[in-house]
Amino acid sequence: MPDKKIRVLIAKPGLDGHDRGAKIIARALRDAGMEVIYTGLRQTPEMIASAALQEDVDVIGLSILSGAHNTLCDRLMDLLREKGMDDVTVLIGGIIPDGDIPRLKKAGIAEVFLPGTTMQAIVDFIRQRVAATPHGA
Amino acid sequence: MSDETSEDQKAGSVSTVEYNRNLSPGERKWEENTLNPALEKSPERSAIFTTVSKYPIQRLYTQADLSGWDAEQDLGYPGAPPYVRGIHASMYRGRPWTMRQFAGFGSAQDTNERFRYLLSQGQAGLSVAFDLPTLMGYDSDHPLAEGEVGKCGVAISSLADMEVLFDRISLASVTTSMTINSPAAAIWAMYLAVAEKQRAGWKQISGTIQNDILKEYIAQKEYIYPPEPSMRLVADTIEFSTKHTPKFNPISISGYHIREAGSTAIQELAFTLRDGVEYVEWCLRRGLNVDDFAPRLSFFFNAHSDFFEELAKYRAARRVWYKVMRDRFGAKHERSWALRFHAQTAGCSLTAQQPHNNVVRTALQALAAVLGGAQSLHTNSLDEAWALPAEAAATLALRTQQIIAHETGVTNTADPLGGSYFIESLTNEIERGAWDYFEKIDAVGGMIQAIERGYPQREIAKAAYRYQLAVDRKEKIIVGVNEYVTDEKPIEILRIDESVAQRQAARLRQLRAERSNEDVERCLKVLRKAASGTGNLMPCLLEAVKAYATLGEICDALREVFGVYNEIAVA
């Protein structure tokens, strides 16, 4: 069977309007051969979970710079569990205090990418991760 | 990609930079006898050297770069056209720039404490950062506010919160800048109401509301309503201010956010000033006289890392705006011609890694803004990439400005770098770049048209991506991030917890119980009716805030009439 393109949803949850990083990552992933859907701004966790289900994505990339990451991630992870989407890889990028990372990972976030991360590092992570834990398999 | 090549050409490839240099015999001799032998022995480290915006820079600037440039005409003197050397005759010898640190977090009480602390440490004026729910016109207890209350700035849901924010701060003697856009008119109404309560006369109070909706669509993305009603609100505030608050700046036409979104310096300059043109046109269509409102238009630029590019950008800004006001709008008053600006050092240049390096970055950026003649300045804190400023970090940021002002001697003379071959040449080139963009935007029918086509947004996204590629490839070094990396321990940062949201919810319950809900309903009805018409909304907004209608209630009333704006998500 031919290699299926990795499908990624890049989402901006909450009220945060800073989309520079989200747009850059979306483009980088596309350039790396992935299928990328960008949700646009001000998505609720409900909207994101719904889009992820509809688009049957392997990965959800959340971009949060507003400090609301704990609340938003908890809600999203709950929704994904409810919808039986446990095998979707959820990543976060943005402004996340070091101290919050363990809690986020415990909630099911696969990785947190802080400022200074290269685009390639994210591409590589996604490729390795999806190969190791294929969605829908 | 042909896209990239043509952009490089536009930005100025090496060949176009060399174009038009009429070398003097002396310079020719230098090239032959000194430069070329030196290059043969030891070639330069790179084929091309560029600014952070990827603008190519020559190895040397001489009089060959200023042929056709006339000092009397193109440089002039400070406080006089073309204002390149600054907008005041004595510049900082007369008065230093205003040290105006952006601050805000948690509740109005938390921020009030920080304000009073900063004022006690020598800060000259206040600058308010609001939280995301407030910026987006939601009360702290709105479902969409969950997790966001007080996190990015102070939570202000009503006049009651505004009163606490300015407790023990006299609006008659302290000037305040408020970074608020879509709900600016309503927040400003609250400020004016507080001033009234304090018996600080509207004719005396001074400050700024950012109120620049165009750059929201372009970059900061804190829009609520569609462009037309949003521009109407801006025109309402400018009109009201012109009549009632002559010392207030009803708008801060901004490039900072455009730059933070990843634009080049030329794009920052061009899009900001072209936004300015759009606002002037709207006010003129309103029937206002240009010289009545233009003196109070103010601007806000980024102070980014490439020292000389920034310096040249500010100088070019003043010359471009002077020409725009004089030629395009026929403004007659000197104060209509002089571009006044606030600057903020570049948040996007600061790193999460080795945060103490940020103190150095900020100091150098601040210096560029000062040498560029800023009227007012905010310096970022070292923890910018981690959280809102902790008190110690905020203090150090303020000290940075104070050290520049008192210890470096740069305030002794106006426009210290004026006349430098490099600076004058770069100023000319940045000005040219700005006019190019003006032409393009004019050609599509103006800034609103350009925004609706996604033009500035795309330019910015392209520049942002190019920059990221350069960093990832180590073509651009960021100390501590892609070079000179170390293992580090995390720093102490400011944390805001959910108790702010809980307290705000309680305050709102109390407010709704204690106010006259009848009065509020009546005011909102009047507001909705006025919003459907063409009258100035400020009087209704003042009535509504004084009746303690909440920000969310006011913004929702306007949402009903104006509709909301949905950006087409493009990445």
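Quick note: the coordinates plus some simple rules give every number you see, no bench work behind them. As the structure is a prediction and not an experimental result, all values here were calculated from the model. Glycine also receives a Cβ, built like all others from the backbone with ideal geometry; neighbour counts cover every protein chain displayed.
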| note | A correct Stokes-Einstein calculation for the protein assembly as shown, using the alpha-carbon Kirkwood radius, 25 °C and 0.890 mPa s, returns a whole-number D in µm² s⁻¹ of 93 µm²/s
| task | Extending each Cα 7 Å along its Cβ direction at residue A:50 and residue B:488, get the distance between those two points in nm, one decimal. | result | 4.1 nm
| said: Using the basic label-point model (7 angstrom from Cα toward the beta carbon), what is the residue B:120 to residue B:32 distance in nanometres? | reply: 7.1 nm
| message | Can you compute the modelled spin-label distance between residue B:505 and residue B:559, with each label point 7 Å from Cα toward Cβ, in nm? | response | 1.9 nm
| Where nothing but the Cβ of Lys and Arg (+1) and of Asp and Glu (-1) is charged, how large is the charge dipole of the range A:18-83 around its Cα centre, in debye to the nearest 20? | 280 debye
| Förster radius 60 Å - calculated FRET efficiency between residue B:163 and residue A:120 (Cβ-Cβ, nearest 0.05) | 0.70
| query | Relative to the first principal axis of the alpha-carbon coordinates of chain B, what is the inclination of helix B:517-532, with its axis defined by its Cα atoms, in degrees from 0 to 90 and to the nearest 10? | reply | 50 degrees
| message | Only counting other Cβ atoms within 10 Å, I'd like B:34, B:411, A:39 sorted with the fewest neighbours first. | response | B:34, B:411, A:39
| task | Just need log10 I(q)/I(0) for the range B:487-556 at q = 0.24 Å⁻¹, Debye formula, equal scatterers on the alpha-carbon atoms, no solvent, rounded to two decimals. | result | -1.02
| said: For a Förster distance of 41 Å, can you work out the FRET efficiency between the beta-carbons of residue A:3 and residue B:470, rounded to the nearest 0.05? | reply: 0.85
| task | Please report, to one decimal in angstroms, the Kirkwood hydrodynamic radius of the range A:7-131 built from all distinct Cα-Cα pairs. | result | 14.1 Å
| message | On C-alpha positions alone, give me the angle between the axis of helix B:391-407 and the longest principal axis of chain B, in degrees, nearest 10. | response | 50 degrees
| field | Theoretical FRET efficiency, 1/(1+(r/R0)^6), r = Cβ-Cβ of residue B:60 and residue A:35, R0 60 Å, to 0.05 | value | 0.75
| field | Ratio of the Cα radius of gyration of chain B to 2.2 N^0.38 Å, where N counts its residues | value | 0.99
| How many lysine pairs does the range A:7-131 hold where the Cα atoms are under 21 Å apart and the two sit 8 or more places apart or on different chains? | 5
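Measure up B:197/B:243; B:203/B:546; A:5/B:151; B:54/B:151 against 28 Å on the Cα-Cα distance and list the ones that go over.
Violating the 28 Å Cα-Cα cut-off are A:5/B:151; B:54/B:151.
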| Most fluctuating residue of A:49, A:107, A:11 in a GNM of chain A with Cα springs under 10 Å: which is it? | A:107
| field | Dipole magnitude (debye, nearest 20) for the protein assembly as shown, charges at Cβ of Lys, Arg, Asp, Glu | value | 1240 debye
| remark: Here the percent of antiparallel bridges among DSSP beta bridges lying wholly in chain B, to the nearest 5, is 5 percent
| query | Which of B:30, B:321, B:337 comes first, and how do the rest follow, when ranked by fewest Cβ neighbours within 10 Å? | reply | B:30, B:337, B:321
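With +1 on the Cβ of every Lys and Arg and -1 on the Cβ of every Asp and Glu, and nothing else charged, how large is the dipole of the range A:7-131 about its Cα centre, in debye rounded to the nearest 20? Walk me through the intermediate numbers first.
Numbers: 15 positive and 17 negative charges, 47 e Å.
Charge dipole of the range A:7-131: 220 debye, to the nearest 20.
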| Helix-only mean residue ellipticity at 222 nm for chain B, each DSSP H run of n ≥ 4 adding -39500 (n - 2.57), per residue, nearest 500 | -14500 deg cm²/dmol
| request: Within 10 Å of each residue's Cβ, count the other Cβ atoms and sort B:548, B:484, B:77 from fewest upward. | output: B:484, B:77, B:548
